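Notes follow once the structure below has been shown.
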């Protein structure tokens, strides 16, 4: 599985707001000149065009990104003297198991309002799939991020077209290009090479029939807690254009391209960045449009009571190895949600609700937390985890928690089934009659689950290097939303 | 297949030659000299601007209803009606709407209007301003059929001997491309004399475009907006068969769904789809 993290970061508009409040109205003097930004569309033709000296800014190597495989090629080009060459590493490459990053404009950004697409030519050393290409990500606020997922490479040059969801928004864009690619197959994936050339924004004029969508075009209904805050980016924001080829090209579009409306602003308010704040009890329907075109799908939030406070752990810090808790110092993690393509649907991760730091997962099927440094839990006797199910309790709660020691050479694990089901999932799962772990959930109430760490002889888990904690729903379980807090190992 | 390919290659070459000559002419002469046959059709004889809401002029238009024989000979999947759901005039526009619905045993409905028996003419300039629908399986057309088309009895001729002039045909899955063709004896269906025209920086489903022909005893010129993109001459036609374009023809405007020319709609095809006609105009000398 590939582990690409691709996330929108909240932008702040406070300074804009301040500006508009403090400035009094008056006529513009003759000398006033509005700042205008360059309109160059070229990004890489034979050389990088107007990009920063670094040319390529990698994703964080701490998250597994390989910074070695980026370069140019003078022998294999689509046109002209040079092309970009990307050497996608093998999944177990010591320098990082995937490659990706962005190209950033050298100056203050470009005015791209006169274009309708980003295009480039690419070919692979073999047929392969690039997980993500796009633009609008600048590693600052990523306000107008756009992503086209899973493009198929041929071994001959092919042109790729990424529509701009609404070009009128791009008056000063610095994020010229983003890509993320992992190897082929299952771990350790096989590396390969691909080339890109003639990377540029273009005005084709042949795009038509926009079909923006959210929530898979469904009218989604969710129950949430008062005080909760979340991003509409977690609700599948998409823009689709029909290309001259007749193909409907769909991209992931950042919330800032959309204009959101809440049917009751005393219940839910959406800001310009698509951040929803739940400010009152009741029900509100959130709808959207993009460049005047209505978005298919909606989100209705039913807001019940305030967000319940998770139990406060009472154990001494010396007896605890904490992964996520305000009560202790947490071990470093690479992520609380690996967004594992292609089977994971789970969205969300760390968030703050009513002042509490919690993990909030939506669209849940499975999710993994990866430790930066493998933990030695040999001394520990239990894993403790607080779980909050929604007010409307799912009818079939059946989950599996896996503690994994995963390395290139060997993978060992222990599992524990939770949720009140009555038979063991696997010989390696714990005793399901263990009352501490086999909690009965109540809607909207935090439950603390204590999972015994069992002898290696029973489970096979090598306790000296636990680096992954996976929570998944199993069998026919319909758990889709959950909050987690106070995730830690302890010894009795 | 090979034979078809060879044929179409030859057509293209001929057209290119013709075009080359035309371009030279335009480039080197300010006035078109008097030896060049230029038909100027300025006398308007039919003009339907669709300016009255909810009114389709029965002195000009009639309807074909149903699915014909074998989907009008092309395995088309729609059932044509004259209900206002499928054909109406609103705000100065004639709207032909394809719907996905169960109707008389078919999955789609749409409409087909024609001037058969009402307005028929040999030669002239025929044009319409149209915004086309979109999506796999949409097959709109603006075309002419010989007034003597029939079953071969009582002074009628069977198709293709009666002749067909396709001013505009379009596949919803190719939103920047239209086709102009003639069909007749020796050059029908897959062997029609045809040429495609592609918009460079625009598409046919996002705005109105003018589609027209100038038809004389010697040639048929095809144009889109202000671009003349093809000339089919009598000589060219006679290389393949008989020129059957010296008799009156009538106008047909329809929006078919599915059929041999384009294939069936798919799950991405959005319904309803509309073909919007701003006007239809016919001129003679």
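So, in segment A:286-316, exactly how many residues are buried (at least 17 other Cβ atoms within 10 Å of the Cβ) and without any contact (Cβ under 8 Å) to a residue 60 or more places away in the chain? So the answer is 2. Within segment A:64-73, the set of residues being over 10 Å from residue A:100 (Cβ atoms) and not in a loop (DSSP other than H, G, I, E, B) comprises A:71, A:72, A:73. For residue B:176, the test of being touching a strand residue (DSSP E or B) at 6+ places or on another chain (Cβ under 7 Å), within 14 Å of chain A (Cβ to nearest Cβ), modelled with pLDDT of 95 or more and within 20 Å of residue B:234 (Cα to Cα) is failed. Any residue at all in segment B:224-247 that is surrounded by fewer than 20 Cβ atoms within 10 Å (Cβ to Cβ), within 15 Å of the chain's Cα centre (by Cα) and within 15 Å of residue B:132 (Cβ to Cβ)? Yes, some residue in segment B:224-247 is surrounded by fewer than 20 Cβ atoms within 10 Å (Cβ to Cβ), within 15 Å of the chain's Cα centre (by Cα) and within 15 Å of residue B:132 (Cβ to Cβ). Report whether or not residue B:140 is within 14 Å of chain A (Cβ to nearest Cβ), buried (at least 22 other Cβ atoms within 10 Å of the Cβ) and closer than 30 Å to residue B:201 by Cβ. It is false that residue B:140 is within 14 Å of chain A (Cβ to nearest Cβ), buried (at least 22 other Cβ atoms within 10 Å of the Cβ) and closer than 30 Å to residue B:201 by Cβ. When residue A:248 is tested against (1) surrounded by 21 or more Cβ atoms within 10 Å (Cβ to Cβ); (2) more than 21 Å from residue A:42 (Cβ to Cβ); (3) free of Cβ contacts under 8 Å to residues at least 40 places away in the same chain, exactly one condition is not met: (1). Here the strands (runs of 3 or more DSSP E) wholly within segment A:156-275 that include at least 3 residues being away from every other protein chain (no Cβ under 14 Å) are A:158-163, A:175-182, A:192-202, A:219-226, A:229-231, A:248-253, A:259-262, A:268-270.
Close contacts from segment B:139-163, counting a first residue that is over 18 Å from residue B:122 (Cβ atoms) and a second that is modelled with pLDDT under 95 and buried (at least 21 other Cβ atoms within 10 Å of the Cβ), with Cβ to Cβ under 9 Å and a gap of 6+ residues or different chains, come to B:139/B:262. Only residues that are under 10 Å from residue B:172 (Cβ atoms) and within 11 Å of another protein chain (Cβ to nearest Cβ): list them for segment B:254-269, please. Once the filter is applied, which keeps residues that are under 10 Å from residue B:172 (Cβ atoms) and within 11 Å of another protein chain (Cβ to nearest Cβ), segment B:254-269 yields B:262, B:269. Check off (1) surrounded by fewer than 19 Cβ atoms within 10 Å (Cβ to Cβ); (2) outside any strand (DSSP E or B) for residue B:50 and give me the number that stays unchecked. Checking residue B:50 against (1) surrounded by fewer than 19 Cβ atoms within 10 Å (Cβ to Cβ); (2) outside any strand (DSSP E or B), the one that fails is (1). Of the residues making up segment B:189-221, those that are under 15 Å from residue B:128 (Cβ atoms) and within 14 Å of chain A (Cβ to nearest Cβ) are B:204, B:207, B:208, B:209.
Each row is one residue, and each column tells you yes or no for (1) more than 14 Å from chain A (Cβ to nearest Cβ); (2) within 18 Å of the chain's Cα centre (by Cα); (3) touching a residue at least 40 places away in the same chain (Cβ under 8 Å); (4) surrounded by fewer than 19 Cβ atoms within 10 Å (Cβ to Cβ).
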position	(1), (2), (3), (4)
B:77	yes, no, yes, no
B:93	yes, no, yes, no
B:109	yes, no, no, no
B:134	no, yes, yes, no
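The values are calculated or read from the model by the stated rules, or taken from the named source; none is laboratory data. These numbers come from a predicted model, not from an experiment. Ideal geometry is used to build each Cβ from the backbone, glycine not excepted, and the neighbour counts take in all protein chains shown.
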